[in-house]
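Nothing in this text is a laboratory measurement; each read-out follows from the coordinates by a stated rule. These numbers were taken from a predicted model, which means no experiment stands behind them. Glycine gets a Cβ as well: all are built from the backbone with ideal geometry, and neighbour counts include every protein chain shown.
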């Protein structure tokens, strides 16, 4: 079943409403991250797109391996399992400011929705090469949904 379309304003608004349910004291239902750290972790997906110089592309062989063995798990419609490992770029320090990370995440969601599906069709991913707009949607939506559920939102 297709995931909700993050490029649709109603879907983006619903994600922002879920983010707005979070508070600096929100506790995870699983995992080790605190809420501000989780928001910063979720921002990394968008930083890859909007702050491309912040992260290096994986070298050729590693990128090939990521495309071959990891890409499908990230861009398919199957939800993530709890307590999976994460890539090094997504391991963020615990000293994050809740309000700042929340504001950044909401801004990234709004920006992505405004740019629209056509902008992301065939757009290059740091790790996975060119992705379709549907794959970008799954990458963004599935990751956010996973972590919002982690915090009961």
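Helix-derived [θ] at 222 nm for the chain: sum -39500 (n - 2.57) over DSSP H runs of at least 4, divide by residue count, nearest 500? Before the final figure, lay out each step's value.
On the way: 6 runs with 84 residues, N = 153.
That comes out to -17500 deg cm²/dmol.
For the pair residue 78 and residue 123, how long in nm is the line joining their label points, each one 7 Å along Cα→Cβ?
2.6
I need the Debye-formula profile for the range 77-153: one equal scatterer per C-alpha, no solvent, reported as log10 I(q)/I(0) at q = 0.10, 0.12, 0.18, 0.26 1/Å, two decimals.
Listed by q, the Debye log ratios stand at -0.28, -0.41, -0.96, -1.43.
Fewest Cβ neighbours within 10 Å first, please rank 33, 115, 38 accordingly. Show your work: numbers first, answer last.
Values: 33 20, 115 14, 38 25.
Ordered from fewest to most neighbouring Cβ atoms within 10 Å, 33, 115, 38 come out as 115, 33, 38.
Taking only Cα atoms and a 10 Å spring cutoff, compute GNM fluctuations for the chain and point out the largest among 32, 96, 71.
Comparing 32, 96, 71 in a Gaussian network model of the chain, the most mobile one is 32.
Rounded to whole Å, give me the distance from the Cα center of the range 81-98 to that of the range 9-30.
Rounded to whole Å, the Cα centres lie 17 Å apart.
State, in angstrom, two size descriptors of the range 52-94 derived from its alpha carbons: Rg to one decimal place and Dmax to the nearest whole number.
12.3, 31
Dividing the Cα radius of gyration by the Kirkwood radius, what Rg/Rh value follows for the range 17-137? Before the final figure, lay out the partial values.
Numbers: Rg = 15.0 Å, Rh = 15.7 Å.
When Rh is taken as the Kirkwood radius, the ratio is 0.96.
In nm, what is the difference between 0.36 nm times the number of residues separating residue 51 and residue 130 and their Cα-Cα distance?
Numbers: separation 79, 0.36 × 79 = 28.44 nm, distance 1.73 nm.
That works out to 26.7 nm of additional length.
With a 10 Å cut-off between alpha carbons and a GNM built on the chain, which of 11, 106, 44 moves the most?
In the Gaussian network model the winner is 11.
Pick from 142, 91, 102: which is most flexible by mean-square fluctuation in a GNM of the chain where alpha carbon atoms under 10 Å apart are linked?
For the chain, modelled as a Gaussian network with Cα springs under 10 Å, the answer is 91.
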